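Undergrad: Encoded as structure tokens, here's the structure I'll be asking about.
Quick note: the coordinates plus some simple rules give every number you see, no bench work behind them. Since this is a predicted model, take the numbers as computed values, not measurements. A quick note on method: Cβ atoms are made from the backbone with ideal geometry, for glycine too, and the neighbour counts reach across all protein chains shown.
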Amino acid sequence: MGQSLDEIAEEALYQRSRAMWHPVAFADDLDDQPMAVRLLDEAIAIARIDGDVVAFKDLCIHRGTALSLGTVVDGGLQCAYHGWTFDSTGACVRIPSRPEGSIPRKAKVQSYAVQESVGLVWVCLEPPAEFPIPSYRPWDDTSFRTVRIPLYDWKSSAARRVENFVDFSHFPFVHAGVLGDPNKPEIPDHPVRRDAHTISFDLGVEEVPNELKGDDVGDGPIQRMPSTYTVSMPYSVQLDQPLGDDRHFQLFMASAPLGRKETRTFSWCSRNYDLDASLDQGFVDFQTVILDQDRLVVESQRPEELPVDLSEELHIKGVDQVSIEYRRWLLELASSFTPGS
Ligand code: FES
Ligand SMILES: [Fe+2]
């Protein structure tokens with residue numbers, strides 16, 4: 001049976017994503033021992049060797065054991081099975097059963113490009129990477145308090161997950177009484193900007209009052225000032241919501257394709273007001289409620305992958321403009337992909 005344009009484009013996009021940065025772990029979770037992670041169906045072992053973060057294919061060159069079962073020893077990662085030890089470039093530097101013997105030149109594990117940024121470990125399987133790792137202003141701004149949202153895995157593509165984050169017309173339905181008001185479902189037009197790496201727009205919607213944002217909870221819907229949303233290609237988004245008096249609520253989310261239909265998301269939630277640590281859990285709990293509501297609808301979407309052929313689903317001009325621009329860009333990436341390039 002022939003493949004549809006979508007199936008071809010989605011597979012091309014998936015392959016092209018190998019040449020992009022994706023988050024694989026919260027940097028704080030990577031302690032002095034290796035950790036098994038997955039990205040784009042590849043099993044990867046990450047570790048800190050001599051202060052550097054490394055990312056190796058999770059497969060020892062000797063007998064195929066998972067390197068993530070190993071131990072970080074002086075100057076390298078030691079395989080759990082026969083103790084071969086690999087330095088930060090992936091080269092074998094010790095074979096314990098033949099300490100004096102020469103080490104075969106081919107005794108090298110495959111390593112991937114890796115970087116630590118905005119509190120996350122990022123991996124690119126096939127550098128050079130197409131887009132830079134996104135920045136997040138509150139991360140380096142000491143006037144902000146930033147808390148971690150527990151990571152979550154959804155049975156959807158990364159693009160479906162991103163599209164949900166920048167979709168507003170679902171608020172009054174999926175998040176009725178929490179974020180949106182079913183009696184106020186209209187969404188104002190919001191012009192969408194595109195630059196070399198991002199899609200962004202400003203939008204102020206009516207929200208249910210929220211004590212985490214300093215609102216009086218008995219009041220009716222609150223008209224927010226325009227928030228700025230920035231999608232960093234391919235799968236990260238940040239939201240900067242001004243609340244008045246120079247108070248800002250910000251969110252950062254970065255999704256990574258574990259596979260074609262499975263996505264892991266890492267998020268930070270930041271504020272430059274109410275900085276007391278005892279308030280952190282309230283912010284985390286609120287996001288968790290929202291995410292559970294979103295997960296139910298996003299995991300039900302078929303196909304699980306985002307159709308990048310715009311004729312495949314219906315769009316409402318002005319309301320779905322961000323999705324349209326995002327899908328257009330993904331299709332550009334897919335259609336200019338040549339395998340092996
Ligand atoms: S399988 Fe890793 S050292 Fe033998
Ligand atoms: Fe939502």
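Undergrad: Towards the positive end of the charge dipole of the chain, with charges on Cβ (+1 Lys, Arg; -1 Asp, Glu), say which of THR198, MET35, PHE86 has the farthest Cα.
TA: PHE86
Undergrad: Residue by residue through region 13-30, which ³J(HN,Hα) values in whole Hz follow from phi under the Karplus form 6.51 cos²θ - 1.76 cosθ + 1.60 (θ = phi - 60°), with glycine and proline marked x?
TA: Along region 13-30, the couplings run 5, 4, 5, 5, 4, 5, 9, 9, 7, 9, x, 10, 6, 6, 4, 5, 7, 8 Hz.
Undergrad: Once phi is turned into ³J(HN,Hα) by the Karplus curve 6.51 cos²θ - 1.76 cosθ + 1.60 with θ = phi - 60°, what whole-Hz value does each residue of region 72-83 show in order, with x for glycine and proline?
TA: 7, 10, 3, x, x, 9, 9, 5, 6, 8, 10, x
Undergrad: Give the long-range amide H neighbours of LEU39: residues separated by 5 or more places, or on another chain, with amide H under 5 Å away, using H modelled in the peptide plane at 1.01 Å from N.
TA: ILE44
Undergrad: How about LYS108: which aspartates and glutamates have a C-alpha closer than 14 Å to its C-alpha, ignoring those fewer than 8 places off in the same chain?
TA: ASP58, ASP87
Undergrad: Which order results if MET233, MET20 are arranged by neighbouring Cβ count within 10 Å, fewest first?
TA: Lowest count first: MET233, MET20.
Undergrad: Related question: As a test of the formula, what do you get for the chain when each DSSP H run with n ≥ 4 contributes -39,500 (n - 2.57) and the sum is divided by the residue count, at 222 nm and rounded to the nearest 500 deg cm²/dmol?
TA: About -5500 deg cm²/dmol.
Undergrad: Please name whichever of ILE316, GLN250, PHE286 sits farthest to the positive end of the charge dipole of region 235-317, dipole taken about the Cα centre and charges placed at Cβ: Lys and Arg +1, Asp and Glu -1.
TA: About the Cα centre, the residue reaching furthest to the positive side is ILE316.
Undergrad: If the only charges are +1 at each Lys and Arg Cβ and -1 at each Asp and Glu Cβ, what is the size of the charge dipole of region 137-335 around the Cα centre, to the nearest 20 debye?
TA: That gives a dipole near 660 debye.
Undergrad: Can I ask one more? Quick check for me: using +1 on Lys/Arg Cβ and -1 on Asp/Glu Cβ, what's the dipole size of region 108-153 about its Cα centre, in debye to the nearest 20?
TA: Here the size comes out at about 160 debye.
Undergrad: Give me a comma-separated list of calculated 3J(HN,Hα) values for region 262-270, in order, Karplus coefficients 6.51, -1.76, 1.60 applied at θ = phi - 60°, integers in Hz, x for any Gly or Pro.
TA: 8, 10, 10, 10, 10, 9, 10, 10, 10
Undergrad: For region 125-247, with the dipole built from +1 on Lys and Arg beta-carbon atoms and -1 on Asp and Glu ones, taken about the Cα centre, which of ASN183, PRO226, GLN238 lies farthest toward the positive end?
TA: With unit charges placed on the Cβ atoms, the residue in question is GLN238.
Undergrad: Of the listed pairs LYS155/LYS317; LYS57/LYS155; LYS106/LYS261; LYS261/LYS317, which have alpha-carbon separations greater than 32 Å here?
TA: In this structure, LYS106/LYS261 exceed 32 Å between Cα atoms.
Undergrad: For region 32-124, give the magnitude of the charge dipole about the Cα centre (Cβ charges: +1 Lys/Arg, -1 Asp/Glu; no others), in debye to the nearest 20.
TA: Computed about the Cα centre, the dipole is about 420 debye.
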